[in-house]
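Each value in this text was obtained by applying a stated rule to the coordinates, not by laboratory testing. All of these numbers come straight from a predicted model, not from anything done at the bench. Glycine also receives a Cβ, built like all others from the backbone with ideal geometry; neighbour counts cover every protein chain displayed.
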Amino acid sequence: MVGVFEAVNCVPLKAMLKIVARPILRWHSQRAGLCVLSMALLVSPLAFAQNASSGGLLNSLPNPRWTPGATNPAVSQANIHSTICVNGYAKSIRPPSTWTTALKRQQIRQMGLRDRRLGRYEEDHLIALSIGGHPSDERNLWPQARSGRWSASAKDDLEFVLYKMVCTGEMGLVDAQRAIASNWVQAYETYVPSHRGWLAQRRRRFE
């Protein structure tokens with residue numbers, strides 16, 4: 001023991017502090033780095049969620065955990081010409097606005113959107129009624145922003161294009177449903193530019 005103390009006494013105090021402090025500082029530095037990384041991972045989704053409340057892309061693409069989409073069992077490829085392709089069919093099965101408004105209020109609260117003004121959102125069917133989406137299954141509805149590049153209005157254009165493609169035989173019903181449910185923004189970029197001629201029909205028919 002004497003030898004140990006003698007060895008310690010031979011080391012200047014400043015050098016001892018450096019020897020002891022260096023690994024401690026290194027450990028704290030590593031911990032700090034982990035904390036910064038953890039905070040970044042935590043804050044990034046929150047930042048995107050805040051972006052969603054102002055009509056950003058995330059709000060245009062619903063959370064698949066809450067809104068994966070749901071199809072109408074009454075519609076199939078075999079009966080499209082007696083269901084969705086009949087004028088007025090989608091309107092005939094659309095749920096009442098009192099119900100969708102109440103659901104919109106509930107979902108805005110559940111999703112933690114900062115802007116809770118109902119008029120800023122459209123309670124939208126992910127898989128449109130016009131291509132066989134379920135009218136009242138909550139898994140097929142979410143509050144979509146009315147403003148921004150990928151607003152509810154842009155999605156309406158895609159819905160009409162897919163509806164026309166299905167009813168003219170250019171696309172199968174299931175393919176249209178899958179395209180709009182998986183990533184409607186990507187579907188818009190894939191199908192709308194080459195079918196813009198149909199959008200004038202939509203505006204004359206629905207507006």
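For the pair ARG116 and THR190, label points projected 7 Å from Cα toward Cβ lie 3.8 nm apart.
In terms of the mean number of neighbouring beta-carbon atoms within 10 Å, the peptides 162-169, 114-121 order highest first as 162-169, 114-121.
Charge tally for GLN107 (other residues, Cβ to Cβ under 9 Å; Lys, Arg +1; Asp, Glu -1): +1.
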